[in-house]
Amino acid sequence: MFRRVLGKTLGFLGYTVQYGCIAHCAFEYIGEFVACSGPSMEPTITSHDVVFSERLSRHLCRIEKGDIVIAKSPFDPHMNICKRVIGLEGDKICTSGPSDVFKTHQYPRLPQPTLRPAISLKPITVPKGHVWLEGDNLRNSTDSRSYGPVPYALIRGRVCLKLWPPHNFGALNQSPTGRIVKRSD
Amino acid sequence: MAQQAGAGRRYVRAFVSGFFVAVPVTVTVLDRFAYVARVEGASMQPSLNPEGNVTGSDVVLLNRWSVRNYQVRRGDIVSVLSPKNPQQKIIKRVIALEGDFIKTLGYKNRYLKVPDGHFWIEGDHHGHSLDSNSFGPALRTPWRARCSVKCCVWCSHGVSCQVSLGLVHGRASHIIWPPNRWQRIEPSIPPERMPLLNWHADATEDEEKD
């Protein structure tokens with residue numbers, strides 16, 4: 001009797017482990033559901049929207065300009081950020097941020113735009129292995145304009161479908177800001 | 001004939017069900033618990049690959065469970081996804097954590113405060129004069145020739161830099177090959193590379209004094 005219970009428990013554990021591993025592989029290599037919060041991607045994605053982000057593009061290195069990606073925050077690995085890819089490695093980005101904001105030993109939290117001390121219009125070249133991320137809501141988004149280019153390896157996945165709210169179900173819109181860098185051939 | 005067809009179908013079923021058990025479990029173990037990696041390059045000498053690639057490279061066991069919350073300690077040898085090439089991993093020692101002030105060797109800034117969410121890594125082989133200063137366009141190390149994208153081959157080209165904590169991949173806990181080098185890897189920092197002070201620790205000490 002005891003042996004039967006033990007056998008059943010072990011069998012149950014075995015199935016749990018197996019299906020847990022299958023779930024891990026699905027979430028890690030196929031895609032995951034993400035609940036977004038914050039105003040930095042309005043109007044494309046509003047707060048409390050649920051989106052589906054697929055992982056295959058990231059593992060196959062197929063993320064392109066204009067894609068909305070979920071990435072780990074460079075300053076807090078427990079937080080994720082949802083932004084649009086504006087430029088890939090090698091692209092020149094024109095930005096009006098402070099000229100010394102990308103020095104590695106400073107990286108200040110960017111204060112409100114009205115307090116920015118200097119304007120620099122020198123184009124920044126995105127280094128190898130990095131991407132330039134910006135939110136669609138440029139006025140209210142902390143992105144690469146404040147913390148610099150983000151390593152590609154921090155990207156988790158590409159947002160491909162909006163699932164909630166139901167009246168907005170479907171693919172996501174193009175960038176409303178027109179900031180995506182054209183191909184420099 | 002019918003018996004052979006039945007036996008064939010049984011084998012196929014057994015293979016498929018075994019496949020769906022073995023592959024997800026293996027992938028999950030490699031992603032979450034432990035990884036095995038061969039170290040290439042000389043920038044971690046003498047801790048790893050003390051004789052270079054002549055007698056064969058060291059193989060290390062990477063503990064992925066201990067870094068699941070991005071907790072690394074100073075002196076650990078860690079593998080990190082390369083900020084320059086997302087398909088490559090580099091293996092280095094952690095010298096400083098966020099908030100530490102350090103004196104750099106050959107970096108563009110002599111003194112540096114490691115920003116939040118980042119940590120500072122260095123190779124052990126400081127005499128390796130081709131340490132790169134930053135993420136420059138070309139890393140000129142002769143040992144770089146074998147950096148491949150195969151899953152278990154790492155390249156430890158000379159790099160000292162700060163990396164985001166989100167890039168940490170695993171902590172090297174043991175050397176498992178060759179057998180005469182079986183050992184546990186202990187965290188240690190050369191005394192001349194210790195951080196000068198820690199911003200956050202000193203701030204809390206001041207508060208306690210008041």
Using only atoms on other chains, find how many Cβ atoms lie within 10 Å of each Cβ of peptide B:117-125 and report the average. 2
Sequence order, segment A:167-178: Karplus ³J(HN,Hα) from phi using 6.51 cos²θ - 1.76 cosθ + 1.60, θ = phi - 60°, Hz rounded, Gly and Pro as x, gives 6, 10, 4, x, 6, 9, 7, 5, 5, x, 9, x
Please list the radius of gyration and Dmax for segment B:54-107, considering alpha-carbon atoms only, with Å as the unit. 13.5, 40
Roughly how crowded by other chains is peptide B:19-32, in terms of the mean Cβ count from those chains within 10 Å of each of its Cβ atoms? 4
Counting only protein heavy atoms and rolling a 1.4 Å probe, how much accessible area do A and B lose on contact, total for both sides, in Å² to 100? 2400 Å²
Taking 0.36 nm per intervening residue step and subtracting the Cα-Cα distance, what contour gain separates B:Met194 from B:Lys108 on full extension? 29.1 nm
Past the 18 Å Cα-Cα mark, which pairs from A:Lys65/A:Lys92; A:Lys72/B:Lys103; A:Lys65/A:Lys128; A:Lys83/A:Lys162; A:Lys162/A:Lys182? A:Lys72/B:Lys103; A:Lys162/A:Lys182
Partner shielding of A:75-88, as the mean number of partner chain Cβ atoms within 10 Å, equals 2
So what are the ³J(HN,Hα) numbers for segment A:27-33, from phi and the Karplus equation (6.51, -1.76, 1.60; θ = phi - 60°), rounded to whole Hz, Gly and Pro as x? 6, 8, 10, 10, x, 9, 9
Other-chain or far-sequence residues with amide H under 5 Å of A:Ser73's (modelled H): A:Met79, A:Asn80, A:Ile81
Could you sort B:98-105, A:78-85, A:160-167 so that the peptide with the highest average Cβ count within 10 Å comes first and the rest follow in order? A:78-85, B:98-105, A:160-167
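The values are calculated or read from the model by the stated rules, or taken from the named source; none is laboratory data. Since the model is a prediction, treat every value here as computed from it, not as a measurement. Using ideal geometry, Cβ is built from the backbone for each residue, glycine included, and neighbour counts are taken over all protein chains shown. What goes into the accessible areas is simple: the full protein's heavy atoms, side chains included, and nothing from ligands, DNA or RNA. Shrake-Rupley method; radii C 1.70, N 1.55, O 1.52, S 1.80 Å.
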